[in-house]
Amino acid sequence: MSQQGGGAQEAMQKFGRFLSGMVMPNIGAFIAWGFLTALFIPTGWMPNETLAQVGGPMSKWLIPLLIGFTGGFAVNGHRGGVMGAIATSGVIAGSDIPMFLGAMIMGPLGGVIIKKFDNAVRDSIPGGFEMLVNNFSLGILGGLLAILAFEVVGPIVSAANDILRSGVEGIVAAGLLPLASIIIEPAKVLFLNNALNHGVLSPLGIQQAQEFGKSAFFLLEANPGPGFGILIAYWLFGKGMAKSSSPGAMIIHFLGGIHEIYFPYILMKPILIVAAIAGGMSGVFTLVMLNGGLIAPASPGSIFAIIAMTPSGSALFANLSAVAVATAVSCAVASVFIKMSKDVDDESLETARENMADMKNRGRDLPMEKKVSGKDLKVIVYACDAGMGSSALGAAALRKKLKKDGYTDISVTNCAIGAIPSEAQLVISHEKLAERALADSPQAEHIWVRDFTQNNVYEIVTERLKAAAVGTSAPAEEEASAEPRIGAGVLLKENIKVGLPSVSRENAVAEAGKLLVAGGYVGEAYVQGMLNREKDISTYIGKGIAIPHGENAVKSAIKKTGIVILQYPEGVKFGDETAHLVIGIAGMGNDHLAILANIATMIGDYSDEQLEALFTTKNADDLYAAFMRED
C-alpha cells in the first residue's frame, strides 16, 4: 500500500514539475504583463488608457502561446514547440478567458502528436523530400489540432470554469465563505484566477458594496497572503533555484500583485496546494470575523491596491490582518512540507558545480549522487551541443553493447542540449556542457564525460542492471529491423578523399566543411559553425578519428544529411591527439546514425591493424565499404 502511495506521489511530483516547466521559462513574460498592468490599467499606479491596451493581448495571446510552445518543445524539440503553439492558438480563439490551462494541455499534446508522426514516417521519406514532408505535416496536423482545440478543448476548459463558479456560488449561498478557498486556491494554480475573480467574485462584490459600502468578495482571490507565505517558506527552507528565485518572486507577487508568479512553485510540489488552501481559509475567516472588505476590486492584487481600495475606518486593520494571517498560516504549513521533501531535483546549483569540480579534479567520469536503479532504468539519452555527432556516436556504441548483452528494453538515443526529452532518466553529456544539461533535464541523473566513446558509462549501467538482476533476452527480429538504416546519398564515393597531406586542425575542419558545401548538404554558414564547435570542444573521438560538425546555432544551414571523409595518412593534430580520418557530418534526420554506429564499432571493435589499413589505404572504395556496411 505504501509503495502504491509512494508511486502515486512520485507521479504527481513529476506531473507537477512538467507543468511548472512550461511556465517557469516564461516568467519574464508574466513580469512584463504584470508591470504594464500594474502601471496603466484604470486602477493602476499611472492610469493610461492607451498603454493599458498592451496588457490584454499579452495575457490572452502571448503568454498562452509561449506556454504552449514550451510544452511542445519539452516533448519534441522545436517542431514540437511550433506544433504546440499552433494547437494553443485554437484553444485561445475558442474562449474569452486567458487560456493558460488550455495551453498547458495543447502544448504537450501537439508535441506528442508530431513526435509520433515523425517516428512513424522517418524511414519512409524519399531522399530530398524531408523538408517538404516536415513542413506540410506540421502545417496540416497543426491546423487539425487547432480545430480540435477550438471545438473541444476550449469548451471543456470553459465548462470547468463554469463548474468552479457554481461551486463558489453554492458555498457563498450556504454562508460558508471560508470554505470557498477549497475551490479558489486550486483554481488559481490552474490559472483560472482571473476568470473566478472577474467572472464570479467581483460581480458579487459589486452588488454587496453598493448596499454596504464594502465587500469581502473582493479580497477572496486577491489576498496575496497564501502565495506570499509559500514563497517565504521556499526562501527559508527551499533549495537550489526555487530558493534563490523566491525573493524576486515575492516582490513581484506581493508588491506588484501578479499572483501567477507563485503558481509554478506549487506545481513543483503539488502538496503545497494544502498550504495555499489553509492560508486562504484562515485569511477569509479573519476577514469575516473582523468585518473587513474592499470598496472595489483590487486589480492587480498587490498590497498597495488592497490598501487603496480599503474604505476608511476599521476595515484597514481587518484587511491587513487577513493578509498577515493568511501569510503566516500558509508559510507554516508549506515549511513543513518543504522541509520533509526529499526531491533531489531541488538540489542547489552550487552543489552541482561542486560535484562537477570534484569530478574534474579526480580525473575520471563520475555520476552525480542521484542514481537511477537498474530495475527502473529504461531511457538513456546522450546530449551534445548539436545532437548529431559525438552524442550519436556515444549512443550508438552503448546501444550496441547493451543489445549484444540482451538488454533490448532500454532506449538509448541522442539529442541536442535544449531538446532533452522529459522522460530521460540518465543523461550523458560532455563536462563542458554540464550546467546546460543539468538545467535542461533536472529530473534525470547526469553523468558528465570528457569523451563520448572512451568512458565508463557502459560499466556503470551494466553494474546497476546486474545488481538489480534485470533479465536479458535475445534481440527480437523486429527490433533488429528497427535499427537506423543508411540513407541514399548520405555518403558518396566522390566525397571520400584519400592520401591528403597533413594540415592544421582548423584547415582540416574547414576542408571538410567546404566538401559538405560542395555536395549541397549545407550552406556556407555551416563551415564557420564547424570551426566554432571545434574551438569550444574538440571533436576528436579517439582511435585516430575526428568528427567535426556544426554547432547548434548553424543547424538551420543544413540542407540535407551528408557525410564526407578526409584521410590524412600522416595525421592531423587535434590538440595532443592525431587524427587520420576527419569525418565531416551534417545530420538533418536520422540517416547518418547508421554510419555513426559503424564508426562506433570501429572504435570499439577494430584492431589497430584494421584501423591502420583504413588510415593508409589508397583506395576510397575500402573506406566506403567500411562505413556503408549494413550489418
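Once the range 45-84 is narrowed to residues that are free of Cβ contacts under 8 Å to residues at least 24 places away in the same chain and assigned to a helix (DSSP H, G or I), the residue that is surrounded by the most Cβ atoms within 10 Å (Cβ to Cβ) is G55. Hey, could you check the range 486-520 for residues that are surrounded by fewer than 20 Cβ atoms within 10 Å (Cβ to Cβ) and basic (K, R) and say which is modelled with the lowest pLDDT? Step by step, filter the range 486-520, then rank; the result is K493. Looking at the range 260-333, the helices (runs of 4 or more DSSP H) lying wholly inside it that each contain 1 or more residues that are over 20 Å from A180 (Cα atoms) sit at 263-268, 303-308.
M281 passes every criterion in (1) under 29 Å from the mean Cα position of the chain (by Cα); (2) surrounded by fewer than 24 Cβ atoms within 10 Å (Cβ to Cβ); (3) within 27 Å of G313 (Cβ to Cβ) apart from (1).
Of the residues making up the range 535-556, those that are modelled with pLDDT of 85 or more and of a type in the set (G, A, S) are G544, A546.
Scanning the range 90-104 for residues that are assigned to a helix (DSSP H, G or I) and surrounded by 21 or more Cβ atoms within 10 Å (Cβ to Cβ) gives G90, V91, I92, F100, L101, G102, A103, M104. Taking interchain pairs and intrachain pairs at least six residues apart, which have beta carbon atoms under 6 angstrom, with the first residue in the range 212-241 and at negative phi and of a type in the set (S, T, Y) and the second assigned to a loop (DSSP other than H, G, I, E, B) and buried (at least 24 other Cβ atoms within 10 Å of the Cβ)? Close Cβ pairs satisfying both conditions: S215/G293.
Taken as a whole, the structure leaves A87 outside the set of residues that are buried (at least 23 other Cβ atoms within 10 Å of the Cβ), assigned to a helix (DSSP H, G or I), small (G, A, S) and at pLDDT below 90.
Looking across the range 537-572, just one residue is within 15 Å of V509 (Cβ to Cβ), surrounded by fewer than 19 Cβ atoms within 10 Å (Cβ to Cβ) and in contact with a helix residue (DSSP H, G or I) (Cβ under 7 Å, 6 or more places away or on another chain), and that is I537.
Applying the selection to the range 419-436, what residues are in contact (Cβ under 8 Å) with a residue 60 or more places away in the chain, buried (at least 20 other Cβ atoms within 10 Å of the Cβ) and closer than 16 Å to G77 by Cβ? Those that are in contact (Cβ under 8 Å) with a residue 60 or more places away in the chain, buried (at least 20 other Cβ atoms within 10 Å of the Cβ) and closer than 16 Å to G77 by Cβ: A419, P421. Within the range 97-120, residues that are at pLDDT 85 or above sit with their Cβ atoms under 7 Å from residues that are polar (S, T, N, Q), at 6+ positions apart or across chains, in these pairs: A103/T88; M106/T88; G107/T70; G107/T88; G111/N76; I114/N76; K115/N76; F117/S137.
The values are calculated or read from the model by the stated rules, or taken from the named source; none is laboratory data. None of the values given here were measured: they were computed from a predicted structure. Positions of Cβ are generated from backbone atoms using ideal geometry, with glycine treated the same way; all protein chains shown enter the neighbour counts.
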